[in-house]
Amino acid sequence: MSEKDYAPLSTACVRGLCDKLYEKRKFAGVEIEKMVKDFNDANNTNQIKKLIRVLGQDLMSSTNPNVKNGALMGLSSVAVGLGKGCTVYLSELLHPIVACVSEGESRVRYLAAEALFNVLKIARGASLSHFPLVFDALARLASDPEPQVRQGAELLDRLVKDIVTESGVFDVSAFVPLLRERLYVRGACARQFAAAWVSALDALPELPLLPHLRDLLDPMLHMLDEPHPEIRRMCEVQLNEFLRSIKKDPSQVDFQSMINILITHAQSPEELVQLTAITWIKEFVELAGPSMLPYASGILCAVLPCLAYSDEARKNIRETAATVNFQLTKLVASSSPESTPAPEGTEEEEAIADKTLTESDINEDELSNKEGKLNLDAVVRVLTQMLHHSSVHTKVAVLDWILHLYNKLPNEMYGHTEVVFARVVAVLADAAGDVLRRALAVLAEICSCPGDLESSPYYYKFLQALLKLLAADENLLEDRGAFIIRQLCVLLNAEDIYKALSKILLEEKNLRFAAVMVDVLNTILLTAAELYDLRLQLRNMEKPGTMSLFRSLYLCWCHSPVSLLALCLLTHHYVHCNRLIATFGDLEITVDFLTEVDKLVQLIESPIFAYLRLELLGGAQSEALRGALFGLLMLLPQSDAFHALRHRLHAAPHHPYLKREESVGVQCSESELETLLGEFRRVQAAHRRYRLLHRAPAAPHAPPHAPPHAPPHAPPHAPPHAAS
């Protein structure tokens, strides 16, 4: 090599600089340092630039690691020789050093860290104009696979943080995107480095991070699933610090820009991520109040499934989610006068509710409603989808929400009733009693909102859907049919329910189901505490409209002879009971029929019919009643019920024992009762034809697995033995 090739460096200096031995390189570095001082004193900038070019380009372009190491030593020496004057040449010094950070030889990378340290230590605050370049190099060194390189990076990292701390011109806004990018990098060292920088900046009151938290929140929540517990703990502590700062000074926080990030992470399968996100949501709802209403659908997506958790490990998640759910209901209640949604929601507002509930990539611009109004369309969509959830607790919360919305926003909810109605009706088949009770409460609210029951377009629609459901599911009818009817009588008006059901059953084509349903309704009418007032009303017949109710029930009760007899006994139509029993001889006396008679006798012996037994002591109708009960006795085989009724009749005096005041009230006329009796005969004839039709032998082409003679709806109480 000729001496002029590396001028102003001598050949000997270059050889020493590129030697394997550190002492020789150090000696050459001292020579360069002295040379640079002389150039600087003489203000010979050309020679300084030429020297930096030789070191940073000519020598650095070599593939020999020793040459690169020498170039790094030389660049450090130039900076030392220039002192504060190195800031003029900072770009030319930094770029070749930073390039060596990506070298394959670990020794080169280590010496690059050392050279960078030396340059920055001299340049100090002036280096901040090149901060992106420096920070990128520092991040690479901090995650280097070689421990020695990472140790060098630690010293460099402390120096850079000191420079940032002492500077009054550090641009946090420009730095946060760089930091965000590093937070997303996988790898323990890289994440630890990035998290440490977040903590360092947050500790500087003159460099507030809260206004930039929206850019850091998502990657930091992602870091909570880091396998290394130390890094996970570091991130958790920092997020807690951020949350404390938010609660201390919420005015600096853009809640709307972060809520959808939290909604996304609140659906994470990682427990720590989910708990942290839901805890933040809880604080956001409490601090931001009505401004969180536009995001209610997304929040519900996140918290409602958490109510299903039953294990101890996720108890905190469940309880925090329940708190958020309660906070939202209060928020809707307090904001209801102003929460009427715009006639048409924006596409962003509606998008979130259209997504599947397992999707977690909710865009942070969705649901952007700056007016703080509840997006009812989106909320209803989420709630109706959540009705398919497997958890009882989640479905109960969903139904409570729907009922809450109907109570607080009845006019707005009316436009969503068609969808809500169909979904809630399907829930009536749910196995959980709590779910069923709340579903009935919602349906009752729908039927009574707005106006009275008769004017509601959903009243008869609901009852028809209910009967269809009961007809299709024998187990549902047997297990919870009575419970459903009783609940409806509490939630709505019992008289209206019975009138409506009677009217619908008159049109029922499945006569077997109609008979079973009448038996269920009759048992409830005679025994349920919820229908006590209705029983008194039918006994006295004094209230306006009761006669019309009796006629409606009579026509429907024609499907079940014994239930009809019980109705006539309840309403004191004892003479008509005798006429009715006389027709029973023409009926097909089956085991089902006798079972119903047996049940009726048990009811007569119960406290419910105490008034009836007392009427055997005397009065205008006592003889007719005695005749009806003897007729009932003659229908029974000599069973326990037979002996019980016979003893009762023999215990009654043959002649009036008491002078009783008649309090029977209004009754149907004989001519009207005769007309009703004719309707009973017609309906029973239809039942006889129906049974014959379903007992017909199977057609040759009928599938073997569906015998047409089997009744489609066996009564839930039917005994297993054959008919007599």
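The values are calculated or read from the model by the stated rules, or taken from the named source; none is laboratory data. All of these numbers come straight from a predicted model, not from anything done at the bench. Positions of Cβ are backbone-derived with ideal geometry, glycine not excepted, and every protein chain shown enters the neighbour counts. Just so you know, the surface numbers come from the protein's heavy atoms only, side chains and all, with ligands and any DNA or RNA stripped out. Shrake-Rupley method; radii C 1.70, N 1.55, O 1.52, S 1.80 Å.
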Query raised in the report: Hey, which of the helices (runs of 4 or more DSSP H) in the stretch 404-466, taking only ones fully inside, have at least 1 residues that are small (Gly, Ala, Ser) and surrounded by 20 or more Cβ atoms within 10 Å (Cβ to Cβ)?
Result: 433-447
Report summary line: Note: among Arg512, Arg486, just one is over 30 Å from Leu693 (Cα atoms) and open to solvent by 10 Å² or more (accessible area, probe 1.4 Å), namely Arg486
Report task. Among the candidates Ala126, Ala190, single out the residue that is of a type in the set (A, V, I, L, M), more than 22 Å from Arg232 (Cβ to Cβ) and touching a Ser or Thr at 6+ places or on another chain (Cβ under 8 Å). Result -> Ala126
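One line per residue, one yes/no per condition, for (1) charged (D, E, K, R); (2) more than 15 Å from Ala194 (Cβ to Cβ); (3) assigned to a helix (DSSP H, G or I); (4) without any contact (Cβ under 8 Å) to a residue 12 or more places away in the chain:
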{"residue": "Gly125", "(1), (2), (3), (4)": "no, yes, yes, no"}
{"residue": "His130", "(1), (2), (3), (4)": "no, yes, yes, no"}
{"residue": "Phe135", "(1), (2), (3), (4)": "no, no, yes, no"}
{"residue": "Leu159", "(1), (2), (3), (4)": "no, yes, yes, no"}
{"residue": "Ile163", "(1), (2), (3), (4)": "no, yes, yes, no"}
{"residue": "Phe170", "(1), (2), (3), (4)": "no, yes, no, no"}
{"residue": "Ala174", "(1), (2), (3), (4)": "no, yes, yes, no"}
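Matching residues to (1) surrounded by 19 or more Cβ atoms within 10 Å (Cβ to Cβ); (2) modelled with pLDDT of 95 or more:
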{"position": "Leu328", "(1), (2)": "yes, yes"}
{"position": "Ser335", "(1), (2)": "no, no"}
{"position": "Glu344", "(1), (2)": "no, no"}
{"position": "Glu366", "(1), (2)": "yes, no"}
Query - Selected residue (only one of Lys34, Lys20, Lys24 is in a helix (DSSP H, G or I) and either loosely packed, with under 15 Cβ neighbours inside 10 Å or in contact with an Asp or Glu (Cβ under 9 Å, 6 or more places away or on another chain) (or both)) - result: Lys34
Requested in this report: Check the stretch 191-205 and report whether any residue there is free of Cβ contacts under 8 Å to residues at least 12 places away in the same chain, under 20 Å from Thr165 (Cβ atoms) and not acidic (Asp, Glu).
Outcome: yes
Query raised in the report: What about Ile263, is it touching a residue at least 60 places away in the same chain (Cβ under 8 Å) and under 19 Å from Arg318 (Cα atoms)?
Result: yes
Query - Residue list for the stretch 617-632, restricted to those being open to solvent by less than 60 Å² (accessible area, probe 1.4 Å), in a helix (DSSP H, G or I) and either modelled with pLDDT of 90 or more or within 19 Å of His573 (Cβ to Cβ) (or both) - result: Ser622, Ala624, Leu625, Arg626, Gly627, Ala628, Leu629, Gly631, Leu632
Query raised in the report: If only one of Val185, Val198, Val237 is open to solvent by 30 Å² or more (accessible area, probe 1.4 Å), among the aliphatic types (A, V, I, L, M) and assigned to a helix (DSSP H, G or I), which one is it?
Result: Val237
Query - Residue list for the stretch 54-84, restricted to those being farther than 26 Å from Gly125 by Cα, aliphatic (A, V, I, L, M), in a helix (DSSP H, G or I) and open to solvent by 10 Å² or more (accessible area, probe 1.4 Å) - result: Val67
Query raised in the report: Which condition number does Glu92 fail, the rest of (1) touching a Gly at 6+ places or on another chain (Cβ under 7 Å); (2) at pLDDT below 95 being met?
Result: (2)
Query raised in the report: With respect to Ser291, is the statement that it is outside any helix (DSSP H, G or I) and open to solvent by 10 Å² or more (accessible area, probe 1.4 Å) true?
Result: no
Query raised in the report: What tally of residues in the stretch 515-541 results from selecting those that are aliphatic (A, V, I, L, M), over 17 Å from Ile484 (Cβ atoms) and open to solvent by 20 Å² or more (accessible area, probe 1.4 Å)?
Result: 1
Report task. Could you please find all residues in the stretch 242-272 being surrounded by 16 or more Cβ atoms within 10 Å (Cβ to Cβ) and of a type in the set (Gly, Ala, Ser)? Result -> Ser245, Ala266, Ser268
Query raised in the report: When you go through (1) closer than 16 Å to Tyr6 by Cα; (2) open to solvent by 10 Å² or more (accessible area, probe 1.4 Å) one by one for Gly125, which number turns out not to apply?
Result: (1)
Query - the stretch 243-273, subset among the charged types (D, E, K, R) and under 26 Å from the mean Cα position of the chain (by Cα), residue farthest from Glu283 (Cα to Cα) - result: Glu270
Query - Yes/no for Ser143 being over 28 Å from Pro205 (Cβ atoms), within 44 Å of the chain's Cα centre (by Cα) and open to solvent by 10 Å² or more (accessible area, probe 1.4 Å) - result: yes
Query raised in the report: Of everything in the stretch 146-169 that's among the aliphatic types (A, V, I, L, M) and open to solvent by 10 Å² or more (accessible area, probe 1.4 Å), which residue is modelled with the lowest pLDDT?
Result: Val169
Query - helices (runs of 4 or more DSSP H) fully within the stretch 542-598 counting 2 or more residues that are under 17 Å from Phe630 (Cβ atoms), modelled with pLDDT of 90 or more and open to solvent by 30 Å² or more (accessible area, probe 1.4 Å) - result: 574-584
Report summary line: Reported set for the stretch 489-507 where residues are in a loop (DSSP other than H, G, I, E, B) and farther than 9 Å from Cys556 by Cβ is Leu492, Asn493, Glu507
Query raised in the report: When both residues are 6+ apart or on different chains and their Cβ atoms are under 6 Å apart, which pairs have a first residue that lies in the stretch 1-27 and is at pLDDT 90 or above, and a second that is of a type in the set (Ser, Thr, Tyr) and part of a helix (DSSP H, G or I)?
Result: Val14/Tyr6
Report task. Collect the residues in the stretch 292-314 that are small (Gly, Ala, Ser) and at pLDDT 95 or above, keeping them in residue-number order. Result -> Ala296, Ser297, Gly298, Ala302, Ala308
